[in-house]
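Single-structure report; data block below.
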Amino acid sequence: MSALSAIVGQLDRMAAGRQASLATWAAGGGVFRQRLDDAADFTYEDIVLGADITALDASLAAGRVTNSYFARWFTLHNAYAVTLGYASLGAYLIAKGIRVPYEANELCSDSTSARLTPASVFPKGTLPANEADPSSAGMHLLGVFAGAALTSVTALPTTVGPAAIMAVNMGSAATVGGTFTCTNWVAATTKDIALSLSGANQYTQTILGQQALAAGVSVGDVGLQVSSTAAFTAGEWVLVWESDALQQVCLVSSLGTGPTRLVVPALVNAFTTDAIVIPLYRSVAYKSGASGSGTVNLYARPDRIIAL
């Protein structure tokens with residue numbers, strides 16, 4: 001490659017990135033200011049709404065991703081969280097049971113030289129539909145289970161909180177029987193969780209340790225009834241997930257019996273028995289068993305699909 005080819009190639013990369021930025025932000029329109037207006041919360045609007053947010057929308061619509069505007073966004077929203085009595089924006093989000101995407105936290109770092117608390121950040125990538133090829137979804141690959149070993153093991157970044165571990169059958173009609181040691185996030189204790197796939201379709205997603213919510217819950221309830229608490233640990237995080245629009249992370253206070261349940265702080269959302277409760281972990285290691293006739297990839301599952 002000549003110097004000229006290198007220069008042209010780099011300019012093309014700049015153009016491709018700018019074109020993608022224009023298309024992406026145009027798809028969302030002026031959503032920063034619009035969403036501020038839609039909040040219908042005068043305390044929030046008085047602190048955050050202003051020329052900086054309008055300028056942020058205009059900059060993005062023109063394809064200019066300017067860190068100074070994003071820095072102001074994070075500064076204003078931290079101020080709003082403090083007004084409500086929280087230590088930071090991250091603390092406010094955790095109190096509401098919501099975590100931010102990995103790339104939003106990286107943007108916070110790029111623009112302010114600081115990141116949100118890791119507990120308030122979920123892993124990178126977007127969540128593909130079940131039985132859809134996950135290879136281009138950008139998720140964090142924790143490891144590849146093939147034969148009787150877990151290879152290509154890569155730890156989660158320390159800037160990210162605990163994650164649901166999602167096993168994806170990468171073959172066709174795989175038969176899998178294996179046990180994995182999953183490490184908790186707060187105290188680094190472990191849980192051994194079995195994965196069993198019998199003739200599963202290609203790209204089938206299975207979340208290690210998940211439990212269906214056995215009874216609906218209301219706002220303010222402090223118990224999540226499940227059939228088994230074997231995959232859960234007191235003092236660790238779980239994700240209650242009913243849909244991308246209805247979910248909550250919470251810290252388990254204790255494991256209860258009569259009925260079998262997870263004791264948590266007062267819930268900020270109501271959930272039906274369509275919801276699942278997912279244990280969240282820091283890492284995963286192979287313990288025993290074999291992948292049988294197929295290969296299984298273990299991913300750190302994003303909490304939700306990212307939408308503009």
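Quick note: the coordinates plus some simple rules give every number you see, no bench work behind them. Since this is a predicted model, take the numbers as computed values, not measurements. Here Cβ is always computed from backbone atoms with ideal geometry, including for glycine, and neighbour counts include all displayed protein chains.
Here the residues SER5, SER152, SER21, ranked from fewest to most Cβ neighbours within 10 Å of their Cβ, fall in the order SER5, SER152, SER21. Between segment 237-287 and segment 204-236, the alpha-carbon centres lie 4 Å apart.
By the count of other C-beta atoms within 10 Å, a proxy for reagent exposure, ARG13, ARG282 are ordered fewest to most as ARG13, ARG282.
Let me know the charge dipole size of the chain about its Cα centre in debye, to the nearest 20, where only the beta-carbon of Lys, Arg (+1) and Asp, Glu (-1) is charged. Could the numbers behind the result be given before it?
On the way: 16 positive and 20 negative charges, 131 e Å.
Around 640 debye, computed over the chain.
The candidate values were (1) 59, 55, 30; (2) 51, 50, 40; (3) 80, 74, 32; the one computed from these coordinates for Cα extents along the principal axes in Å carries the label (1).
Under 5 Å between amide hydrogens, built in the peptide plane, is the criterion, and for THR295 it picks out MET170, GLY171 among residues at least 5 positions away or on other chains.
Below 11 angstrom from the Cβ of GLU236, what's the summed charge of the other residues (Lys, Arg +1; Asp, Glu -1)?
On the way: positive: LYS191, ARG282; negative: none.
Taking every Cβ under 11 Å from that of GLU236, the sum is +2.
Straight-line reach only, C-alpha to C-alpha below 17 angstrom: list the aspartates and glutamates that LYS124 could link to, leaving out same-chain residues fewer than 8 apart. LYS124 reaches GLU103, GLU106, ASP110, ASP133, ASP244, ASP303. Counting charges near ILE98 (Lys, Arg +1; Asp, Glu -1) among other residues having Cβ under 13 Å from its Cβ returns a value of +1.
How many times 2.2 N^0.38 Å is the alpha carbon radius of gyration of segment 3-122?
So segment 3-122 has a normalised radius of gyration of 1.23.
Using the count of nearby Cβ atoms within 10 Å as a rough guide to exposure, how do TYR44, TYR69 rank from fewest to most?
Values: TYR44 16, TYR69 20.
Ascending number of Cβ neighbours within 10 Å: TYR44, TYR69.
Using C-alpha pairs under 8 Å with a sequence gap of at least 6, the mean separation divided by the residue count of segment 140-301 gives a relative contact order of 38 percent.
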